[in-house]
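The values are calculated or read from the model by the stated rules, or taken from the named source; none is laboratory data. Keep in mind that what you see is a predicted model, and the values were worked out from it rather than measured. So basically every Cβ, Gly included, is an ideal-geometry build from the backbone, and we count neighbours across all protein chains shown. The area values use the complete protein model at the heavy-atom level, side chains included, leaving out ligands, DNA and RNA. Shrake-Rupley method; radii C 1.70, N 1.55, O 1.52, S 1.80 Å.
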Amino acid sequence: MTDPLTQIVGLLRPDLSFAKLTEASGPWRIRRSEQGTPFFCAVLDGAVQLEIKGRAPLRISGGDFLLIPAAFDFTFTSLDPAPARGLDSVPIQMRPGVYRIGNPAAEPNLRMLVGYCTFGSTDAALLVSLLPSLIHARGNERLTTLLQLAADESRAERAGREVILARLMEILFIEALRATGPDCPSGMLRGLGDDRIAIAIRLIHDEPNAAWTVERLAKAAALSRSAFYDRFRRTVGMAPMEYLLHWRMILAKQLLGDRQTPIAEVAQRVGYGSASSFSVAFLRHVGMPPGLYARHQRAA
């Protein structure tokens, strides 16, 4: 059976090679204003506080990995001592890929790998919408081992350092998605952490062209229709048929980027009986006809 997490990561094609080692000491504050850029942070030693508008402050400690798939405004601050109000810091580059914040003369009490993630997918927005808005994986044995390897590599000046770090951060990305699933407020990851709902999600990913209904998925999950619908919506954050449509459109957009796949074949492969019914659904969901979308993708 298809592994939905593998599919999502494979389609997203994350690149976490834009990582820099940041060391800090004393009181400091860093503010960032982004426009939906994916941001990640792996704390190697110490602890830091993250503040995002509308959320309670979050403490991120050594062994933790944080990913914000679509970051906007957020602030990082020191914990002890806390920064004075209005005090904003500017990172100082000590050497290539290594930065200091706070008191540059003091011994650092925080070391973290931070950076921006890029997604190779031409339609990352739809895929990101299946992930939680904030992924915070707290240190477990596997994460700790990966972070220790990343810490060791970040300290060294060995040949191939950047390549090794990039690969380690990609593995951390996947491991964080695995580790945080059941603790997500909602989303595909939390759904995969629910034994019954995971059955339905895997069936949708395994056979997106099947004639799925709420009743059929509920029966596969061994739940009544109403119990399945409520449980799916609560854990995943959208109704079962909405999730099915979402996934079908993700696959359709991927297939339309392939110059060799006719629209009629795309329609059949994502569960539509005719090209016309598919075109209507695609136009409603994406905002343009599939033919026009395909031409735009081929011209890009």
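Kindly indicate the residue of the stretch 28-62 that is assigned to a loop (DSSP other than H, G, I, E, B) and free of Cβ contacts under 8 Å to residues at least 40 places away in the same chain and also most open to solvent (accessible area, probe 1.4 Å) among those meeting that condition.
Residues of the stretch 28-62 that are assigned to a loop (DSSP other than H, G, I, E, B), as a first pass: 28, 46, 53-57, 62.
Within this subset, residues satisfying the condition of being free of Cβ contacts under 8 Å to residues at least 40 places away in the same chain are 53-54, 56-57.
Values: Lys53: 193, Gly54: 85, Ala56: 79, Pro57: 85 Å².
The qualifying residue most open to solvent (accessible area, probe 1.4 Å) is Lys53.
Which residue pairs have Cβ atoms under 8 Å apart, sit 6 or more places apart or on different chains, and have a first residue in the stretch 15-27 that is at pLDDT 80 or above and assigned to a loop (DSSP other than H, G, I, E, B) and a second that is crowded, with 17+ Cβ neighbours inside 10 Å and not small (Gly, Ala, Ser)? That search, which allows pairs on different chains as well, returns Pro27/Pro83. One residue stands out in the stretch 191-226 among those that are of a type in the set (Asp, Glu) and farther than 12 Å from Pro240 by Cα: the one that is most open to solvent (accessible area, probe 1.4 Å), namely Asp195. The residues of the stretch 81-102 that are touching a residue at least 24 places away in the same chain (Cβ under 8 Å) and in a loop (DSSP other than H, G, I, E, B), listed by number, are Pro81, Ala82, Pro83, Ala84, Leu87, Asp88, Ser89, Pro91, Gly97. Considering (1) touching a helix residue (DSSP H, G or I) at 6+ places or on another chain (Cβ under 7 Å); (2) open to solvent by less than 30 Å² (accessible area, probe 1.4 Å); (3) under 27 Å from Arg231 (Cα atoms); (4) hydrophobic (A, V, I, L, M, F, W, C), the lone condition that Ala179 does not fulfil carries the number (2). Selection of the stretch 93-137 for residues being closer than 12 Å to Pro38 by Cβ and open to solvent by 40 Å² or more (accessible area, probe 1.4 Å) yields Tyr116, Thr118, Ala125, Ser133.
Residues checked against (1) loosely packed, with under 14 Cβ neighbours inside 10 Å; (2) closer than 17 Å to Glu242 by Cα:
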{"position": "Thr261", "(1), (2)": "no, no"}
{"position": "Tyr272", "(1), (2)": "no, yes"}
{"position": "Ser277", "(1), (2)": "yes, yes"}
{"position": "Tyr293", "(1), (2)": "no, no"}
